[in-house]
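The values are calculated or read from the model by the stated rules, or taken from the named source; none is laboratory data. Because the structure is predicted, anything quoted here is derived from the model rather than measured. For neighbour counting, all protein chains shown are included, and Cβ atoms are generated from backbone atoms with ideal geometry for every residue, glycine included.
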2 protein chains.
Amino acid sequence: MPEDTGKFAPLPSIRRLPAYLRLLQSLRADGRDVVSCTHIGKELGLVCTQVRKDLAVTGIVGKPKVGYNVPALIASIEEFLGWNNPQDAFLVGVGSLGRALMGYQGFQEYGLRIVAGFDVDPAKIGVEVHGKKVFPLEELGNTAAEMRVLVGVLTVPAAAAQDAARSMVQAGIRAIWNYTPATLEVPPSVVVEDVKLSASLAVLSSRLAESLRREKTESV
Amino acid sequence: MPEDTGKFAPLPSIRRLPAYLRLLQSLRADGRDVVSCTHIGKELGLVCTQVRKDLAVTGIVGKPKVGYNVPALIASIEEFLGWNNPQDAFLVGVGSLGRALMGYQGFQEYGLRIVAGFDVDPAKIGVEVHGKKVFPLEELGNTAAEMRVLVGVLTVPAAAAQDAARSMVQAGIRAIWNYTPATLEVPPSVVVEDVKLSASLAVLSSRLAESLRREKTESV
């Protein structure tokens, strides 16, 4: 466990931890016990000092001239991310994207297990989506308290996002994984992480358009 | 159409364009013809100069003391992003996430329409997923050429990502929306945009763990 220095760990380091974890898991599967920062860096395209800095956020340091103990490093990253102990999560907004995410099992590998859905549409309530029940939104508070759920996945339409987030906060949800394009206002004790698929698609399509435009210009 | 200055438009500006678009569409729905950068900035939490800079990447400038013409600005953003003319896309890797994305209709709003899936697993081939056919991966080249598809959504397992990306490039795919955690190597003419859901979840869960840790310390 890292010492609480009163500072948050740097975001780019945190965002790289899953890549370290995957590499280390494959090294472990190959029977390797020890790995150097040089080897890790080479695999992930990072310099050694960056690797050390990134891994230090989890509270672990390598031994000079020896390197990192692979199982210990895996445990340290998993503990830092809380992925050794997957969180149950509720999904709010059982539309097309919500259904899709409820059917995806892969988040469990990343410490998240969606266990139920919530919606305001009476037609959706009581239905099972990929084996998970859909409840009315007004039951979110009771259910979250009962099941001690702290994480919510938000997949309502943009216009309904702030209201839904408010309900989630009132229900005791402490971390919102926000798939809506809205910028949510929440108390400082609540964590929001935006996925912004529309922003990602904007980059993809504008880059493609630009690349095709250049090609056309060059071929004239 | 913006002049080709030989420079790419700045990424943060591009990533904000969908938010501008949504705001402008709601203004248009309310019957507003003209909007100032001050008003836009207030709604989106940005200063006026930033709004002007962001919107200028699409090639449009506001009139001093009047502002922007709403329909013209919408058209300009949509043209810049290519969203006035949605691209057909192929999805490669019809696993749990792939199926989920094939069932999601919302990307059409952002210029992307997934029209078919590709996989190497014989059990998946010929099957329809949400009304879209799944073809064998080795047919990707022919099908992409025939249907003039330039965009690919990559949802294979991490270990298969680079090989699948190579097949996509050979098939003439020019833009890859990469949902795998792998860092893809592609020729400079091919655009890659990484979604990195695992990185996003790493931020969410580490922030939550940190927030709960603090609370515990404070309540001691």
Open item on the list: Need pairs with beta-carbon distance below 6 Å; first residue over 27 Å from B:Phe80 (Cα atoms) and within the stretch A:175-201, second of a type in the set (Phe, Trp, Tyr); sequence gap 6+ or separate chains.
Closed with: A:Glu193/A:Trp177
TODO: State which residue pairs qualify: first residue under 14 Å from B:Asn69 (Cα atoms) and basic (Lys, Arg) and inside the stretch B:32-50, second residue modelled with pLDDT of 95 or more and buried (at least 17 other Cβ atoms within 10 Å of the Cβ) in any location, beta carbons under 8 Å apart, and separation of 6 or more residues or different chains.
DONE: B:Arg32/B:Val70
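A quick yes/no check of all residues on (1) among the β-branched types (Val, Ile, Thr); (2) surrounded by fewer than 20 Cβ atoms within 10 Å (Cβ to Cβ); (3) closer than 30 Å to A:Glu79 by Cα:
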| residue | (1), (2), (3) |
| --- | --- |
| A:Leu101 | no, no, yes |
| A:Glu109 | no, yes, yes |
| A:Ile125 | yes, yes, no |
| A:Pro136 | no, yes, no |
| A:Glu146 | no, yes, yes |
| A:Val151 | yes, no, yes |
| A:Ala164 | no, no, no |
TODO: Filter the stretch B:46-77 down to the residues that are polar (S, T, N, Q) and part of a helix (DSSP H, G or I), then identify the one that is farthest from A:Leu204 (Cα to Cα).
DONE: B:Thr49
- [ ] Would you mind listing the strands (runs of 3 or more DSSP E) fully within the stretch B:78-165 where at least 2 residues are away from every other protein chain (no Cβ under 12 Å) and of a type outside the set (Ser, Thr, Tyr)?
- [x] B:87-92, B:112-119, B:132-136
- [ ] Say whether the condition of being in a helix (DSSP H, G or I), of a type in the set (Phe, Trp, Tyr) and either at pLDDT below 90 or surrounded by 12 or more Cβ atoms within 10 Å (Cβ to Cβ) (or both) is met by at least one residue in the stretch B:19-34.
- [x] yes
Open item on the list: Cβ contacts < 7 Å: first residue surrounded by fewer than 17 Cβ atoms within 10 Å (Cβ to Cβ), restricted to the stretch A:62-74; second residue part of a loop (DSSP other than H, G, I, E, B), any location; separation 6+ or different chain. Result?
Closed with: A:Asn69/A:Asp33; A:Ala72/A:Ile60
Task: Number of positions in the stretch B:174-189 that are surrounded by 19 or more Cβ atoms within 10 Å (Cβ to Cβ) and facing chain A (nearest Cβ under 7 Å) - done: 4
